[in-house]
Each structure stands twice: as C-alpha cells, then as structure tokens.
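The values are calculated or read from the model by the stated rules, or taken from the named source; none is laboratory data. What you see is a predicted model, and the numbers here were worked out from it, not measured in a lab. As a convention, Cβ positions derive from the backbone with ideal geometry for all residues, glycine included, and neighbour counts pool all protein chains shown.
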Amino acid sequence: MIPLKYNIRSLRTRWVSSLMTIIGTALVVWAVVLTFGLADGLDHTLEVSGEPLDLIVMRKGATAETNSIINESTAREMAALDGIASDAAGNKLCSPELVVVVNTARRAGDTNANMILRGVTPAAKEVRSNFHIVAGRENKPGVREAIASTQMANRFKGAGLDEELDVFGAPFKIVGLFEAGHSATESEVWTDLEVLGQTTKREGVRSAIQLRANSADDAQRMADRISSDEQFGLSALSEPVYFAEQAKSSRGIKAIGVFIAVILSIGAVFAVANTMYAAVASRAREIGTLRALGFNRRTILISFLLESLALCLAGGLLGCLAALPLNGMSTGTANWVTFSELAFTFRFGPTVQILAVSLVVVVGVIGGLFPALRATRMKIVDALREV
Amino acid sequence: MKFLPYILRNVQRNKLRSVFTGLSIAVSLFLVTVLYAYVNMQDEMGEGALKYARVVCTAKQGLTFPVPIAHVDKVKGMEGVKTVVPLAWFGGKYKDDKIPFAQFATDPDHCFEVFAEFTVPPDQLSNFQKDRTGCIVGEKIARKRQWKVGDKIVLKGDIYPVNLELTIDGIYTGPAGSDLEMLFYDYTYLDELLKQSRSQMAGNAGTMFIKAQTPEMMPDLMQRINARFANSEAPVRAMTEQAFRQMFTEMLGNIRVFIRNIAIIVVAALVCVAGNAMAMSLRERTREVAVLKAIGFSRFIVLTLVLIEAIVIAVIGGFLGVMAARLLFQFTDMSMIGIPGFSSFYVPVSTMLFSMLLAAAIGLASGIIPAWRAAQVSVVDGLRKVV
Amino acid sequence: MPAGSERAVVELRGVSKEYMRDKIRVPVLSNTNLDIPHGDFVAVMGPSGSGKSTLLNLAAGLDRPTTGTVTVAGTELNQLSESKLTRWRSQHLGFIFQLYNLMPVLTAFENVELPLLLTSLSRRQRAEHVETALRIVGLQERMDHFPRQLSGGQEQRVAIARALVNDPVLLLADEPTGNLDAAAAQEIMDLLQQLNEEFEKTIVMVTHDPRAARRARRMLHLEKGTFVETELDALEAAG
C-alpha cells in the first residue's frame, strides 16, 4: 500500500484547491443534511406521538380529528366501555376533545397559518405521556384561559405566556406553557372543553375521544367493538396507525430532499473529478515513478480513490458540523391531514448522519474513479518523461 | 471583442475540465431554477388570475368554518358582481388514491362563467346542467385516469360523511398553465345527500368564488362583502384569488426563505468549484501568462481575459441547466408528487433570466481571485516556473 | 568480457523496437544483441534518438520489444504478464532518474522506504534497511528532510538509496548527473562506482556526459539503433 500520508500531504500541498473542493462539498452536504434534518424531525414528531395503548375515536370515514364530529351522548357512552385504564385516583382515562382550527398570524414574517386549539378535560394530560407544564400554571376550567406549547408560543403571535390569543374575536389568556416530549401535541394550544365549545358555538360537540386501554388485547377488543357498532357510527384507530397516516406530510419534504441531494451530488461529483484530474495530471511523474518502483495499477487506483475520499469526507464532516448548531431548531409545515401547522424541530439523527456519510462516500468514489483510472492507465515510460 | 477567439481557445484547452465545471454549474443551477420556478410560478399565476377578476370568500375564521349557502344569493345581488358560485372542496377518495384530487361542489349554471378560461363543448355543458349527479372533469386528469364521457365514478367522503356517485358529462380544456385536473359537480346533489344523512354540514357553501365586473372593482367589492356579513352569524373574509393561492403556499412553511437559503448555499459552492477549476487552469498556464505580459499585455487585459473565460464557462453551464429545467417540466407530469401547486408546474421566463444572471455572477465571482493572481504573475518568475 | 562463466544479468537477443508516429514506423533499435554480466558497470552513450532510453526501458520491463527477447537475471521479461512484471521490478530492479523523481510530499526516509512497502518486512526491519541505505549514500543525518530542503546532489543520493534499499540485482540509471553541477556529479559518480566495486552491483547507466561515462567499466555507443562497442579500462579512467 502507498501510505495514506502521501495522499494527505499531497492534498495539503495543493491546499487552495483542496480547500475549495472541501468547502464546495461541505456546502452540498450542509444543504442536504438540513433538508433531511427537516424530514427526520417531522417523522420523529409523528412517530413519538403515537402511543400503542391509546385509541383515537372519530366519526366513521374521517381521517383527522379536524374532520370528525361526535355528539356528547355518544361520547359519554365511550367512557362506559370495558377495558379502559384508570389513573391512580381511579378516574377513567377517557378524554373527550374538541379541535378547532384557528387561522393565526405567525411571529416570523407576515404570514398566517392554521393553529390547532384543543378543548380538553383534565383526562387529556393523562393520556399523553411526557405532558408537563414548564412555565406558568394550568388553565382553570370555565374561564377563557389557555396553555400553549413552548414551540407554539415561539411561533404564533398571542401564544406566548401572559399574551392574549384571539379566537374568533374572543381573547384567551395564555397562563402556562407546556411540553410533551416533542410529540404532535406540541403543535397545539389547549383550553377548557366547555369554554371552547361556547366560544365557537359548538356546545356539546366533540371532535374525537382518546382512550387508553388496559392492555394491547383490550385496545384491540375496544377498537373492534366501537368500529363494528352501526349505532355509534364511529371508528377507533390506534394512535400509531393514526399518526403513521399523517406522516405522509413529510413525503413532500422528503421528495424535495432527495431531489436536492441527487442534483447537488451530481454537481459535486464533477467538482471532485476536476480536482482529482488536476491532481493526477500534475503528479504524472510521481505516478510513473511509483509504477517503475513496482507499485501495481490497483495500488495506484486505491491510493487516488482514498485521496478523493479523504477530500470528500473532510467536506462531509465540515458540512455536518456546520449543521449541528441548527439541531433542535424549531420550524413548522402544513399537516395536510389536519390542514393545520405542525411544529417540529430539526433533527440530525443517525439516519441523517448515515445518509450524509454515504453521500460523500458515493461522491468521493464516483468523482475519484475516473481520474484514478486515468492514473492507472498512464504508460510508465511517458509518465516518467512528464515535466 | 478581438480577444474572443483566444478566450474560447482557452476554454477548450482542457476540454474535460471545462465540461465538468460547466456541468457542475448546469446541474446545480437546474436545481435553483426549479426551486425558484415554484415560487415565481405561484406569483405569476396569482398575477395572471387578476385578469379573471375573481374574489374568493371564506369564513372569517378560516377554511374549516362554514359559509352559509344563503350568502351566495345575497352576494349575487351586490353591485359590481357579475356572477358568483359556491365552491366546496369535497376531498373524497377515488379508488385507492392516497391523496385526493380536487373535487368541487358548485353551481353548474354559472361555474363556467366564473371560470371563463375553461371551455366545455356546449352539448356536454348542457347535459351537465341537466344532470343532477353529473360532473365535468379536466382534460389532464381524464387522460391520466382514462375517463371518458359517460363513465361513472364513486368518490368516498372523508371530510363529508357521504359518498358521491357521479357520471362524467363532459371534459373541460383550458389555456397552458391552467389547472386541468379538477372535477366540478352539482352543489345541490351534495347538499341533498347531507340533508338525508342529517349531517350538520348541510348548507355549507365551503367558499364563494365571485366574478367581479372589472378587476378595478375588486378592492371596493371585497370591502363591501366583508362589511355586509360582519355582523351576521357567519362573517366572511373576501380576498383576491391571488391572495387565496398565496395562503396555501404559506401553509407549507416559510418556503421562500428555505429556497433562498438553498440557492445561497448552491451559489457559494459553485463559486468555490468554478474558482478552483479556473485557478487550476491558470496554474498550468503560468508560463503562458508570463509570455503574454512579456509581449506587452497589460495587467488589466490579462485580468479581463481570465474573467471573461470564467464567465463564458459559467454562462454556458447555466444556460444548459436552465434550458433543461424549462424543457423537462414542459414534458413531465408533476401531479404525482402530491403537493398542492405542483400539478401544473412550469418554469417562468423570469426565473430563467434570474438563473442566467446568477450563472454570470458565479462566473465573475469565481474568476476574480484566479484573474487577480494571473495579473500579478511576474514575467521573470513565470517564465522560469516549471509547474 | 569479464566474469564470463556466469549467465549475464542482462541478455538481449535479436531485439528490435519500432514506434508508430502518425502512422509512420520509426525504428529505434534494430536486431540488437547485448550481454551484461554480473558486476559490470556499463555506460550507454549516443546522440539523442539513438535508442539509449529505449534500451533502458526494455531492460527495466517498462517497455516491450517489437521482436526478440530480453532476459534479466534469468527471467525472460516477454513471458511475464503486466502484473507479474510489476512485481518482478519491485524485487529485482533499482531506478535512478535524471530528475530524481522523489515524492515531494514524503521525507527522505519515507521516500527510501517506499519500495519496501511492497515487501512483507516489518516496520522495524524496514527502518533498518532504510537507515543502512541512507548511510551508504551518506545522508543518514538528513532522513527527516523533505526533497525541497535538499540540494540536487543530495536528492539524487536519496534516490540512489531508494534504488538500493531492496537490494536489487540491477541498477538502471537514466542520466543520473544530467541535472547536477560538476562537483555534485563527481560525488554521484563516486557513489555509483563504490556501489559497483564494493557491493558488486551491476549498473547500466545512460548518459550524455563523457566524464561520467569514463567512470564506468565499459562504454557502449549507440548510433541509429546499433552498438558501436568501446572497451574501457575503468581504473585507468578513474586515474
């Protein structure tokens, strides 16, 4: 093997060229990592939102809570079903909820987006793991008070602590901020069920009911029971299934991400090939000497491929490092199922990292292959004569 | 420019390198062109919609709230209104479709007066107006799904708790760039089904599409419509069709900022890549540059020659990328990606010009440092230098 | 011919070499026979285009003859495949070039070590070999220097150390003094002579420089692809 330091030092000798190539690759990796960081964050949010023992009950045929209507009496019958878990105090974990979409101004820019305002009872917190108040206090029932997730507080005007949120002309005071383990719940503002019903002239209307089952068997049994009863006109979905459906929202971002990644990688391949061709050309005599000394073609090929890889990996590393400060940064996109904004954070998990590394490896190998092949095809006699 | 032949000769000197640099710029600017086309196309279509003089009315609280059907007749009598139709998004599922295509309940007698850019054969239109369960579909979607006049299709309700059984009575066509993938059917048919199933959603017009008598009358008309319903049970928000389209783009998140950031990254990467290629070319030509200066070329001319060479390569590359984007989307169907606004994708001329300017700027920026260094080459050192 | 009983290290039999230049056949060597016995030191001289470099390339297995056979250290080079030839070169040959051809990014030590990376020697064994080779050329003090930190003569001595380090049967030198001043050229020739006499290395050297050529045991003159042999008393030349 030709020692790697030969390649590294050669890269250092042509440092301007190497640096330009590294920066070029780094920028490409950065763009790709950011885009996939978006998709990964979105998927992660929807993935952690689904709890296997939880059921979401909606009107038959509805695919989202925002499209579902259940009347109060039917909702009450749900609470009487067998198999619902209870909390420590003996309350049934059955949460009737009213979802209203409010078009609200974003803090950034001059745009509006649909925000989910959820009317709940105390049971709602119990069927969502990791739900906790991080600032202020819980809202009192019967008054126009609301609590917002920290992400929504940062994203929407009027959703910050002690601010007033306008709900179709009625002001709701934000008295607390909550977090819920990065789940989709963090894209919502919560208030009292009855108050929201009155404010929006939807008294007695429920959008959906969330149930927690005692066991997986109970969950299955209840789901079958609810969905098969013609009188209810309802269907029950397990939460993971419900959110898996919504994960389609990330398809667009992923498609754009793949598009950007593929195109920019092709551009990067040409750039790397240029740099490596120049490297091979300027080192023709060195290559001839190595061959005369008895290094075979394959060794030369591998050596130049490694050099190209080193170049790209350095760029990849730089690009990933540059993306790190954005990890956890909050952003949002449309959830096309609920037709409202879904807040999530950039996430550079293992998937994104593996993707970035494979990207630079592919670029390095393809971009380096043809120059390296040229190096191996040089006639020793001619190469030695090169100036 | 008497130096042009020499510059072009230099561009061709290392053909592979020039081709690679050009291709790198081509594919990357292809990406930038496509991304910007998305934004510019929305703007252009919005502006284009202005001449149709259409005002869209939604519930003040947003799209998920109802607009009473009685509003339509009230608007009809207002001054400056040519005609008005209800337009309710059905969002039903056809066969195994994952993402619903556009299906609207509307007024068969007037909808093609509001959407005057579409044409339907007179016999098909009169059939549609007589057939309560009839529908008219766009030319593109009919071709894609191999529908012909007389076919029966079933749409399963998602938002609405009813299923539609429709007969295709006609196929509409329209000018290039218009949306030919919609389905229009009779609002009374939907309302009847909803009343039968005692749904609370009966009597909801969804939105109102209003054709004003002239575009100039729109601002005043919108104000009067808003005022007319401000104190009613269901206040509305009137906006231009352009603003209505914008609302959907905004829902995706801050697309413009995202696209601008990607473009900045790409341009920065390309400046590195192209600059590196120029620097490599000139390093191999140091002796030649020294000769030029020895025979009396001024620094300024040397500098200009190099800059123009860099610009020529970048502009050729940019042109390829821009044309590729333009032609690709003329012959591809983008509706399968399933993001609203992508179904009739095209690259506006303004985007093409913008990308070409970017290419020239990249060329200029990439040439500056190599050109400056070439201008600094000392004749004595340059002539002595052996790579 | 000296040292006749053993088989010659380099044996050319009926070797011709032609190149195609723009579809015209250019003969470089025609029907050449040559024997270089073990321990010989031959200087090949001749005007440009006489076939000197071609002769060297053929002996090194860098090029193949159009007709005839080249046998080096008992191996007929025509019989070897490309990859076997590469391997064979690394084990049996040492090269010395006009422009030294050191890797600019490697130190003197690392340059000399390069051929040993193709062997199965351990790291320590390699270091011993490298130090020995550098000691022979008198540069053990400079082993951590990069080529650009050395003078031309020193660079060439590193190159000679690199050629020696795998203990080759044959040293091939292409204008080893071509880029050096007179004093440095003297030193290099002293070194080559020492290698020939003390270490019994067989050396074939192509040169333009008559003073360098006189240090060899014998001189061969190539003219238009054929030999004009001139015996030389090496000792006399040295004196």
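Brief remarks follow.
- Candidates B:70, B:37, B:26, B:59 - the one that is at negative phi, in contact with a Ser or Thr (Cβ under 6 Å, 6 or more places away or on another chain) and modelled with pLDDT of 85 or more: B:37
- Residues of the range A:77-106 that are crowded, with 21+ Cβ neighbours inside 10 Å, more than 24 Å from the chain's Cα centre (by Cα) and either among the polar types (S, T, N, Q) or not assigned by TED's automatic domain parsing to the domain that holds residue A:166 (or both): A:95 alone.
- Restricting attention to the range A:326-351, the residues that are touching a Phe, Trp or Tyr at 6+ places or on another chain (Cβ under 7 Å), closer than 18 Å to residue A:185 by Cα and either more than 9 Å from chain B (Cβ to nearest Cβ) or in a loop (DSSP other than H, G, I, E, B) (or both) add up to 2.
- Here residue C:91 meets each of (1) over 28 Å from residue C:199 (Cβ atoms); (2) surrounded by fewer than 19 Cβ atoms within 10 Å (Cβ to Cβ) with one exception, condition (1).
- With respect to the conditions (1) facing another protein chain (nearest Cβ under 8 Å); (2) free of Cβ contacts under 8 Å to residues at least 24 places away in the same chain; (3) over 24 Å from residue A:124 (Cα atoms), residue A:103 falls short on a single one, namely (3).
- Looking across the range A:188-215, the residues that are assigned to a helix (DSSP H, G or I), in contact (Cβ under 8 Å) with a residue 12 or more places away in the chain, surrounded by fewer than 24 Cβ atoms within 10 Å (Cβ to Cβ) and not acidic (Asp, Glu) come down to A:193, A:195, A:197, A:199.
- Against the list (1) over 14 Å from residue A:38 (Cα atoms); (2) more than 14 Å from chain C (Cβ to nearest Cβ), the condition residue A:295 fails is (2).
- Residue within the range C:121-130 that is within 14 Å of chain A (Cβ to nearest Cβ), in contact with a Gly (Cβ under 7 Å, 6 or more places away or on another chain), under 30 Å from residue C:71 (Cβ atoms) and modelled with pLDDT under 95 present: no
- Annotation note: Cβ proximity below 6 Å between a residue of the range A:276-291 that is within 7 Å of another protein chain (Cβ to nearest Cβ) and a residue that is assigned to a helix (DSSP H, G or I) and crowded, with 23+ Cβ neighbours inside 10 Å (sequence gap 6+ or interchain) occurs for A:277/A:371; A:278/B:280.
- Test: residue in the range C:112-127 that is farther than 14 Å from residue A:2 by Cα, hydrophobic (A, V, I, L, M, F, W, C), in contact with a helix residue (DSSP H, G or I) (Cβ under 8 Å, 6 or more places away or on another chain) and buried (at least 22 other Cβ atoms within 10 Å of the Cβ): no
- Of all residues making up the range B:1-52, the number that are farther than 15 Å from residue B:306 by Cβ, aromatic (Phe, Trp, Tyr) and not in a helix (DSSP H, G or I): 1
- Looking only at residues in the range A:1-21 that are among the β-branched types (Val, Ile, Thr) and within 37 Å of the chain's Cα centre (by Cα), the one that is farthest from the other protein chains (Cβ to nearest Cβ) is A:8.
- When the range B:10-50 is filtered for residues that are polar (S, T, N, Q) and within 12 Å of another protein chain (Cβ to nearest Cβ), the ones remaining, listed by number, are B:14, B:18, B:21, B:24, B:28, B:33.
- Evaluating residue B:139 against the criteria (1) in contact with a Leu (Cβ under 6 Å, 6 or more places away or on another chain); (2) closer than 29 Å to residue A:66 by Cα; (3) in contact (Cβ under 8 Å) with a residue 12 or more places away in the chain leaves one unmet condition, (2).
Here is a yes/no grid of residues against (1) in contact with a helix residue (DSSP H, G or I) (Cβ under 7 Å, 6 or more places away or on another chain); (2) over 30 Å from residue A:207 (Cβ atoms):
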{"position": "A:303", "(1), (2)": "yes, yes"}
{"position": "A:310", "(1), (2)": "yes, yes"}
{"position": "A:335", "(1), (2)": "yes, no"}
{"position": "A:344", "(1), (2)": "yes, no"}
{"position": "A:351", "(1), (2)": "yes, yes"}
{"position": "A:371", "(1), (2)": "yes, yes"}
{"position": "A:382", "(1), (2)": "no, yes"}
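- Scanning the range A:70-87 for residues that are in contact with a strand residue (DSSP E or B) (Cβ under 7 Å, 6 or more places away or on another chain), within 14 Å of chain B (Cβ to nearest Cβ), of a type in the set (D, E, K, R) and within 30 Å of residue B:157 (Cβ to Cβ) turns up at least one hit.
- Enumerated helices (runs of 4 or more DSSP H) restricted to the range C:134-218, each holding at least 3 residues that are without any contact (Cβ under 8 Å) to a residue 60 or more places away in the chain and under 22 Å from residue C:111 (Cα atoms): C:152-164, C:182-198
- Among the residues making up the range A:324-348, a single one is over 11 Å from residue A:42 (Cα atoms) and among the charged types (D, E, K, R): A:341.
- A single member of B:248, B:244 is among the aromatic types (Phe, Trp, Tyr), surrounded by fewer than 19 Cβ atoms within 10 Å (Cβ to Cβ) and either touching a Lys or Arg at 6+ places or on another chain (Cβ under 6 Å) or part of a helix (DSSP H, G or I) (or both), and it is B:248.
- Scan the range A:230-251 for residues that are assigned to a loop (DSSP other than H, G, I, E, B) and under 14 Å from residue A:183 (Cβ atoms) and the total you get is 1.
- Enumeration of residues in the range C:102-117 that are without any contact (Cβ under 8 Å) to a residue 40 or more places away in the chain and within 8 Å of chain A (Cβ to nearest Cβ): C:110, C:117
- Only one of the listed residues (A:158, A:136, A:109) is over 20 Å from residue B:62 (Cβ atoms), of a type outside the set (Asp, Glu), outside the structural domain of residue A:347 (by TED's automatic domain parsing) and without any contact (Cβ under 8 Å) to a residue 60 or more places away in the chain. That residue is A:136.
- Taking the criterion of being within 23 Å of residue A:273 (Cβ to Cβ) and away from chain A (no Cβ under 14 Å), the residues of the range B:282-315 that qualify are B:306, B:309, B:311, B:312, B:315.
- Any hit, the range B:271-281, residues being of a type in the set (Ser, Thr, Tyr), in contact (Cβ under 8 Å) with a residue 40 or more places away in the chain and within 11 Å of chain A (Cβ to nearest Cβ): yes
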